[in-house]
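Working notes, beginning with the structure itself.
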Amino acid sequence: MSIPTMAAGFAAAFAEFAANRGADRGALLLASNLTEADLSDQDNRIPIPAYHAMIAAGIMQTGDTALLLRHTFESDLETISVVGQIVHTSKSLAHSIDQLNRYVRLMADASLPKGTDRYELLHTSDGLWIVDHLILPDADYLGTEASFARFISEFRSSFPDVPFALDLEVTFPPPPHVADYPDLFRIPVQFGGARNALRLDPVWVSDGSDFAPGHAYAFGVFTRHADALLKALESDTTTRGMVEAQILPRLHEGSISMDRVAKDVGMSRQTLYRRLRDEGLTFGDVHDDLRKRMALDYLSAQKVSVNETAYLLGFSEASSFVRAFKRWTGHSPTAYLSQVS
């Protein structure tokens with residue numbers, strides 16, 4: 001089973017916050033087995049256990065069990081993740097919840113009941129609620145409290161004069177820093193409840209509750225970027241993505257054994273064949289399409305020659321590469337180069 005991952009932006013922001021609170025940044029990286037390079041791009045993926053190890057190290061160094069909670073209240077999601085930019089350019093509360101559910105995996109992989117979104121905007125007789133369906137053991141309260149803290153802090157910052165959260169219900173027992181809750185959350189909190197849910201002021205679904213207009217262009221820019229990230233992330237978890245990850249460093253070898261790739265991804269040849277077939281592919285399709293995409297990348301960058309590209313893609317002769325390139329694009333590599341130069 002693969003290790004769940006998350007966006008590096010959250011770890012980078014937490015490391016900076018914890019260091020400002022007295023933690024040693026180098027020790028945080030050491031405890032999490034992360035490097036500065038891992039945190040250099042907020043869209044990088046890091047193992048969720050590494051982030052948890054960093055939080056634990058930060059708490060141990062500062063002696064503050066509310067460290068993550070304070071960080072959440074004092075940071076802005078839009079500086080950490082493109083999802084924050086999308087939420088800030090959404091049209092309304094309901095629209096922002098839809099976007100969170102659409103792009104939540106860009107922030108972190110999550111364990112959810114089958115067929116259920118992470119967040120639900122629920123209208124009931126006792127009020128308007130945001131319900132978090134994330135499955136976590138009660139002992140792992142940090143993620144749940146930080147999730148609701150994020151909602152409150154974002155709306156508190158963006159709409160300081162409009163009431164938002166009214167009260168909070170959580171399944172976990174009072175944490176060690178429960179005495180800090182009144183100052184941080186500023187709303188009543190019920191522990192040991194039946195669900196994890198935040199009750200909102202109904203003004204957020206009344207007429208005229210839409211967010212400030214004029215963000216359609218920015219919303220489109222951010223969602224296009226997020227869609228590309230999501231597509232790349234999802235491809236990593238498909239059988240095709242796993243096969244491509246094995247083939248890519250071996251492209252120069254030319255003929256690549258399906259048996260070898262199947263062994264490296266922990267499957268029998270027949271299982272790999274069947275899973276690729278379920279995705280409408282064959283092993284040859286994946287190999288050929290990867291060669292095509294890499295050929296276009298190499299030639300578009302104009303840093304390698306046609307002969308060098310042929311070698312990097314595993315063609316024994318340049319003429320074989322030229323024939324394949326014409327089949328892929330309808331043009332010879334030289335004609336393609338004249339178009340992109």
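The values are calculated or read from the model by the stated rules, or taken from the named source; none is laboratory data. Everything quoted here is computed from the prediction, not taken from an experiment. Heads up, the Cβs are rebuilt from the backbone with ideal geometry, glycines too, and the neighbour counts pull from every protein chain shown. All accessible areas refer to the heavy atoms of the entire protein, side chains included, with ligands and DNA or RNA removed. Shrake-Rupley method; radii C 1.70, N 1.55, O 1.52, S 1.80 Å.
Run the paramagnetic zone check for ASP140: 7 angstrom along Cα to Cβ, then residues of the range 92-120 with backbone nitrogen under 15 Å. Within reach of a label on ASP140: 108-113. Only protein atoms count toward the accessible area here, which uses a 1.4 Å probe; on the chain, the carbon and sulfur part of that area reaches 53 percent. With each label modelled as a point 7 angstrom along the Cα→C-beta vector, the GLN42-GLU120 pair spans 3.1 nm. First check a/c for the range 40-184, with a ≥ b ≥ c the square roots of the eigenvalues of its C-alpha gyration tensor; if it is under 1.5, answer rounded, and if not, answer prolate when a/b is larger than b/c or oblate otherwise. It comes out rounded by the Cα gyration axes.
Each peptide in 5-15, 126-136 receives the mean, over its residues, of other Cβ atoms within 10 Å, and ordering these scores from highest gives 5-15, 126-136.
Summed over the residues of the chain and divided among them, the accessible surface reaches 51 Å² per residue at a probe radius of 1.4 Å.
Name the shape class, rounded, prolate or oblate, that the alpha-carbon gyration tensor gives for the range 1-90, where a ≥ b ≥ c are the square roots of its eigenvalues, rounded holds for a/c under 1.5, and otherwise prolate holds if a/b is larger than b/c and oblate otherwise. It is oblate, given that a/c is not under 1.5 and a/b is not larger than b/c. The modelled label-to-label distance for the pair LEU112/ALA245, using points 7 Å beyond Cα in the direction of Cβ, is 2.2 nm. Of interest is the spacing of the C-alpha centroids, which for the range 164-180 and the range 239-263 amounts to 49 Å. A dipole drawn for the chain from +1 and -1 charges on Cβ atoms has a positive end, and of GLN246, PHE151, LEU313 the residue lying farthest that way is LEU313.
Counting Lys and Arg as +1 and Asp and Glu as -1 over every other residue whose Cβ lies under 14 Å from the Cβ of ARG269, the net charge comes to +3. Loop-located trypsin sites (Lys or Arg not before Pro) in the range 90-162 (DSSP state other than H, G, I, E, B) with a sparse environment of at most 11 neighbouring Cβ atoms within 10 Å: LYS114.
Computed extension gain for ARG293 through SER320, at 0.36 nm per residue and net of the alpha carbon distance, reaches 8.1 nm. Between SER92 and THR238, residue separation times 0.36 nm minus the direct Cα-Cα distance comes to 49.2 nm.
Which is the longest stretch in the chain that no exposed loop site breaks, taking sites as GluC sites (Glu not before Pro) with a DSSP loop state and at most 11 other Cβ atoms within 10 Å?
Working: sites that count: GLU36, GLU317.
Here the longest run is 37-316.
If the chain linking ASP285 and HIS225 were pulled fully straight, counting 0.36 nm for each residue of separation and taking away their Cα-Cα distance, it would gain 18.9 nm. Under the combined filter of DSSP loop state and at most 13 neighbouring Cβ atoms within 10 Å, the range 260-341 retains these trypsin sites (Lys or Arg not before Pro): LYS303. For P(r) over Cα pairs in 20 Å bins from 0, in percent, the candidate list reads (1) 31, 61, 8, 0; (2) 25, 47, 25, 3; (3) 29, 59, 12, 0; the entry that matches the value derived from this model is (2). The simple spin-label model puts a point 7 Å past each Cα toward its Cβ; for TRP328 and VAL203 those points are separated by 5.7 nm.
Among the chymotrypsin sites (Phe, Trp or Tyr not before Pro) found in the range 179-281, those both in a DSSP coil and sparsely packed, with 16 or fewer other Cβ atoms within 10 Å of their Cβ, are PHE191.
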